[in-house]
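Inspection log for the structure reproduced underneath, given as structure tokens.
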Amino acid sequence: MKYAIGVDLGGTHVAASPVDDRGRVYNVHSRELESHDVKYVVGEVARVVTRSIESLPKSAKVAGVGIGSPGNIEQATGTVRFSPNFDWHDVPLRQKLEKKLARPVHILNDARCATIGEYHYGVGKGARDFVLVTLGTGIGGGIIANGKLVLGHAMGAGEIGHHVIRAGTGFVCTCGKIGCFEVQASGTALLRHALALAPSFPRSTLLTGTPQVDWGSKMISRAAAAGDQHALATWNSWLRDLATGLANVIAFVNPEIIALGGGVGRTDDSLLATPLTRLVDEQTTMVPKHQTAIVRAKLGNNAGIVGSASLVLHGIP
Ligand SMILES: [Zn+2]
């Protein structure tokens, strides 16, 4: 049995685990990140990696460490060119970690890592044309075309969150543009739709009495399923925007499978995948309809860890 240590480096925490060559995750070791200072983050990553290695029997063969990191990463050197989340510019992350850990380290953008995780061990297994779309605070993604992860000329392929679906009429995105896919259709976008629709539902209690911290897809989808009219309108408005973005993805890469990941991706098919498939089909015009399966991703919170470990075990597909 061969092992790799998979690391999921997020904005608020870092998690790592040994993963074997069948994609099985062992003990996840996780640390909260209190700052994004480079030296501090490198130290915390090293700590969870060391714990992961120590959790394996001494005889276990560890092939290396894989890191899924936010930001745009120069693949040849493992340098994070820029990461808006971390406010990092030209951080030689691989070099720093290899020095600290004295082991080979492989780095890839976090959303692309989750994509290859699902491709090797999850819902994308066996598909040659596969797209992962993660719906969380933002929208991340990754594209596998003809069995190859599409990286792009400057490692920017798969950044589907910032293609515009409502130019001039949508919400304002953190990137400065108006109507990006992410600001219209991420998990947090549900609240924007609810607020925008509130004047049409003057008697709605959806936005009153609910602390905003509890706001989320689960609450909205539950209220929509229970027949709350404001919640239903919110959910449908959000779904339409999500469908527009996915229909665009289909026009560009015509995948066999689009997997929905992130917290919202776990919503029941009756509320998400089924109505979404119908809406996407309506907007799919120049590509054959009903050819792309829209499904829930399989690896859940572990997609990043499994994907970054697969980077070590199988390389970039
Ligand atoms: Zn944007």
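Quick check on my filter: what residues within the range 96-113 are in contact with a strand residue (DSSP E or B) (Cβ under 8 Å, 6 or more places away or on another chain) and either assigned to a helix (DSSP H, G or I) or acidic (D, E) (or both)? Residues satisfying the conditions are L97, E98, L101, D110, A111, R112, C113.
Here is a check on your reading of the model: is G176 within 10 Å of the ligand (Cβ to nearest atom) and farther than 24 Å from G263 by Cα?
It is true that G176 is within 10 Å of the ligand (Cβ to nearest atom) and farther than 24 Å from G263 by Cα.
Hey, any hits in the range 160-169 for a residue that's closer than 17 Å to G263 by Cα, crowded, with 18+ Cβ neighbours inside 10 Å and without any contact (Cβ under 8 Å) to a residue 60 or more places away in the chain? Taking every residue of the range 160-169 in turn, at least one turns out to be closer than 17 Å to G263 by Cα, crowded, with 18+ Cβ neighbours inside 10 Å and without any contact (Cβ under 8 Å) to a residue 60 or more places away in the chain. Take the conditions (1) of a type in the set (G, A, S); (2) away from the ligand (no atom under 16 Å from the Cβ); (3) outside any loop (DSSP other than H, G, I, E, B); (4) closer than 27 Å to E118 by Cβ; G245 misses just one of them, which is (2).
Suppose we filter the range 78-96 for residues that are polar (S, T, N, Q) and modelled with pLDDT under 95; how many remain?
Looking only at the range 78-96, we keep the residues that are polar (S, T, N, Q), and these are 79, 83, 85, 95.
Checking which are modelled with pLDDT under 95 leaves us with 83, 85.
Looking only at that region, the number is 2.
The criterion of at least 1 residues that are among the basic types (K, R) and farther than 23 Å from T77 by Cα is met by the following strands (runs of 3 or more DSSP E) wholly inside the range 1-67: 2-9, 29-32. Taking the criterion of being outside any helix (DSSP H, G or I), modelled with pLDDT of 95 or more and among the hydrophobic types (A, V, I, L, M, F, W, C), the residues of the range 248-271 that qualify are I257, I258, A259, L260. Assigned to a helix (DSSP H, G or I), over 27 Å from R112 (Cα atoms), touching a residue at least 40 places away in the same chain (Cβ under 8 Å) and in contact with a His (Cβ under 8 Å, 6 or more places away or on another chain): is that true of S237 in this structure? Taking the combined requirement at face value, the residue satisfies it. For the range 139-162, the criterion of being in contact with a Cys (Cβ under 7 Å, 6 or more places away or on another chain) and either assigned by TED's automatic domain parsing to the domain that holds R266 or closer than 19 Å to L276 by Cβ (or both) is met by at least one residue.
Residues in the range 179-201 that are part of a helix (DSSP H, G or I) and either within 9 Å of the ligand (Cβ to nearest atom) or not assigned by TED's automatic domain parsing to the domain that holds L246 (or both): F181, E182, V183. Scanning the range 35-60 for residues that are charged (D, E, K, R) and either modelled with pLDDT of 95 or more or touching a strand residue (DSSP E or B) at 6+ places or on another chain (Cβ under 9 Å) (or both) yields D37, K39, E44, R47, R51, E54.
Here is a yes/no grid of residues against (1) under 20 Å from G23 (Cβ atoms); (2) surrounded by fewer than 24 Cβ atoms within 10 Å (Cβ to Cβ); (3) aliphatic (A, V, I, L, M):
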position: L108; (1), (2), (3): yes, no, yes
position: A114; (1), (2), (3): yes, no, yes
position: V123; (1), (2), (3): yes, yes, yes
position: F130; (1), (2), (3): yes, no, no
position: G136; (1), (2), (3): no, yes, no
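Is it the case that G262 is at positive phi, among the small types (G, A, S), assigned by TED's automatic domain parsing to the domain that holds L190 and surrounded by 16 or more Cβ atoms within 10 Å (Cβ to Cβ)? Yes. For the range 142-173, a residue qualifies if it is within 16 Å of A111 (Cα to Cα), more than 10 Å from the ligand (Cβ to nearest atom) and part of a loop (DSSP other than H, G, I, E, B), and the qualifying residues are V150, L151, G152, A154, M155, G156, A157, G158.
Could you tell me whether A293 is in the same structural domain as L132 (by TED's automatic domain parsing) and surrounded by 23 or more Cβ atoms within 10 Å (Cβ to Cβ)?
Details: in the same structural domain as L132 (by TED's automatic domain parsing): yes; surrounded by 23 or more Cβ atoms within 10 Å (Cβ to Cβ): no.
Against the criterion (in the same structural domain as L132 (by TED's automatic domain parsing) and surrounded by 23 or more Cβ atoms within 10 Å (Cβ to Cβ)), A293 does not qualify.
The values are calculated or read from the model by the stated rules, or taken from the named source; none is laboratory data. It should be emphasised that the depicted structure is a prediction, and the values quoted were computed from it without experimental measurement. No Cβ is skipped: glycine too gets one built from the backbone with ideal geometry, and neighbour counts run over all protein chains shown.
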